[in-house]
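**Student:** This structure is in structure tokens; I'll ask about it shortly.
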Amino acid sequence: MDLHVVQIHYGDGRPAPDRELETTALQQAGVYDVAGGDVTFATPVLPEAKRDADRIVTLGRVCGQIAGAVADGIAAGRHVVVTGGNCSHLPGVIGGLQQAHGPAARIGLVWFDAHGDFNTPRTTLSGMLGGMPVAVSAGLCYAPWRELARQQVPLPTDRIVMVDVRNLDPDEERLIHATDVEVTRDDATLAQAVARLAEQTDLIYLHVDLDVLDASLTPTHPTKEPNGLDIPTLLRRIEIVMDTGKVGTFGLLAMYARGAEGETTMASAIEVMRGALTSWRAASKA
């Protein structure tokens, strides 16, 4: 299984050197060897002249660079892995899939996260852009962010499956329930949801924010949450999605493995990436 690894060294629209340390650690751990094929790497960069005083414009342009890197990997016939960065880069990944497969492609999203990231400027309690990207990709807010990310067509909410999302803001939760987004919190409902999603889509983007794990496994993550998944449970649920045969791109983002306990967080990221790629390779051979 040949890979194209898109390494995002940004936090929202700002350069983030720590993300480079994390993506390098994944390489040095040899996680990509389990795929059994050739591996290429791309590191999207926004030229300084393209930065804008409007943070939404700058973030959209960063996402546009990510989209180009994703599309290049698909055009080369490789399985695309996206890592580093954070959840705000979702529209760039979806934009790359649309660029490669066409705006009419039926793309599904399986979202592993402690949070829904389905806030809009009207529902958010924090104002964090990282809490809004799924809503952006669904066309509910910040159209310039989505459009600059080369995502021409919003993602229909019936093509979004969320896993865990154990911490939702009150208005965010109400918004999710007002749409066709499906929230799953156990193996059985996930299996049912992804079976339906696989029937209705041409391909799936499987996204994992490391904070879906329990806080004890991600001690340096800024949005860590208690009562999260352990690694065997996460890998079992990732395998359920991989087994559909529809996963076109896999993302492990928002690792945040810096600080006094960063080794614990990075060890979790390495184990998750290695396990996910093992499942993906097995599913691609089936």
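**Student:** In Å³ and rounded to a whole number, note down the convex hull volume per residue for the Cα atoms of segment 126-200. It would help to have the intermediate numbers written out before the result.
**Tutor:** Working: hull volume 7.4 nm³, N = 75.
Residue-normalised Cα hull volume stands at 99 Å³.
**Student:** For segment 46-86, just the Cα set please: Rg and Dmax, both in angstrom.
**Tutor:** 12.1, 37
**Student:** Taking every eigenvalue of the Cα gyration tensor of segment 17-142, multiplying by 5 and rooting it, what semi-axes result, largest first, whole Å? Walk me through the numbers before you get to the answer.
**Tutor:** Details: eigenvalues 126, 62, 53 Å².
They are 25, 18, 16 Å, listed largest first.
**Student:** Now for a different question. Kyte-Doolittle cut-off -0.5, length cut-off 15 Å along the helix's own axis using Cα: show which whole DSSP H helices in the chain pass. Don't skip to the end; give the middle numbers.
**Tutor:** Numbers: long enough: 17-28 (17 Å, -1.30); 55-75 (30 Å, 1.01); 90-101 (17 Å, 0.43); 187-200 (20 Å, 0.11); 231-242 (16 Å, 1.03); 262-285 (35 Å, -0.03).
Going by DSSP H runs, the hits are 55-75, 90-101, 187-200, 231-242, 262-285.
**Student:** Here is a further query. Using a Gaussian network model of the chain with C-alpha springs under 10 Å, which one of G275, G73, G30 is most mobile by mean-square fluctuation?
**Tutor:** Of G275, G73, G30, the most mobile in the Gaussian network model is G30.
**Student:** For L155, which sequence-distant residues (separation of 5 or more, or a different chain) have an amide H within less than 5 Å of its own amide H, given hydrogens modelled in the peptide plane?
**Tutor:** A138, G139
**Student:** Under unit Cβ charges (Lys, Arg +1; Asp, Glu -1), what dipole magnitude, rounded to 20 debye, does segment 224-284 have relative to its Cα centre?
**Tutor:** On the way: 7 positive and 7 negative charges, 46 e Å.
Computed about the Cα centre, the dipole is about 220 debye.
**Student:** Hey, could you get me the Stokes-Einstein D for segment 174-233, Kirkwood radius over alpha-carbon pairs, 25 °C and 0.890 mPa s, rounded to whole µm² s⁻¹?
**Tutor:** Taking Rh from Cα pairs, D becomes 180 µm²/s.
**Student:** I'd like to know which of T43, A29, A75 lies farthest towards the positive end of the charge dipole of segment 18-129, counting +1 on Cβ of Lys and Arg and -1 on Cβ of Asp and Glu.
**Tutor:** My answer, from the dipole projection, is A75.
**Student:** Something else now. Using the heavy atoms of the protein chains and a 1.4 angstrom probe, tell me the accessible area per residue for the chain in square angstrom. Before the final figure, lay out each step's value.
**Tutor:** Numbers: 11020 Å² over 286 residues.
Normalised by residue count, the accessible surface of the chain is 39 Å².
**Student:** Also, I was wondering about something else. In the calculated pair distance distribution of segment 66-204, what percentage of Cα-Cα distances lie above 18 Å? Walk me through the numbers on the way to the answer.
**Tutor:** Details: 5163 of 9591 pairs.
Distances greater than 18 Å cover 54 percent of the Cα pairs.
**Student:** Quick check for me: using +1 on Lys/Arg Cβ and -1 on Asp/Glu Cβ, what's the dipole size of segment 77-214 about its Cα centre, in debye to the nearest 20? Intermediate results must be reported in sequence, preceding the final value.
**Tutor:** Details: 10 positive and 18 negative charges, 113 e Å.
Approximately 540 debye in magnitude.
**Student:** Let me ask another. In square nanometres, what is one fourth of the surface area of the convex hull spanned by the alpha carbons of the chain?
**Tutor:** Working: hull surface 52.8 nm².
Result: 13.2 nm².
**Student:** Any idea what the alpha-carbon Rg over 2.2 N^0.38 Å comes to for segment 1-80?
**Tutor:** Numbers: Rg = 13.9 Å, N = 80, 2.2 N^0.38 = 11.6 Å.
Computed over Cα atoms of segment 1-80, the ratio equals 1.19.
**Student:** Given C-alpha coordinates of segment 122-278, what is the ratio Rg to Rh with the Kirkwood estimate of Rh? Walk me through the numbers before you get to the answer.
**Tutor:** Values: Rg = 15.8 Å, Rh = 16.6 Å.
Value, to two decimals: 0.95.
**Student:** Spelling out what I want: for every residue of segment 127-136, take phi, set θ = phi - 60°, compute 6.51 cos²θ - 1.76 cosθ + 1.60 (Karplus), and round to whole Hz; glycine and proline get x.
**Tutor:** My calculation for segment 127-136 gives x, 5, 5, x, x, 10, x, 5, 5, 5 Hz in order.
The values are calculated or read from the model by the stated rules, or taken from the named source; none is laboratory data. Model, not experiment: these values are computed from the prediction. Ideal geometry is used to build each Cβ from the backbone, glycine not excepted, and the neighbour counts take in all protein chains shown. We work out accessible area using only protein heavy atoms, side chains counted, and drop any ligands, DNA or RNA first. Shrake-Rupley method; radii C 1.70, N 1.55, O 1.52, S 1.80 Å.
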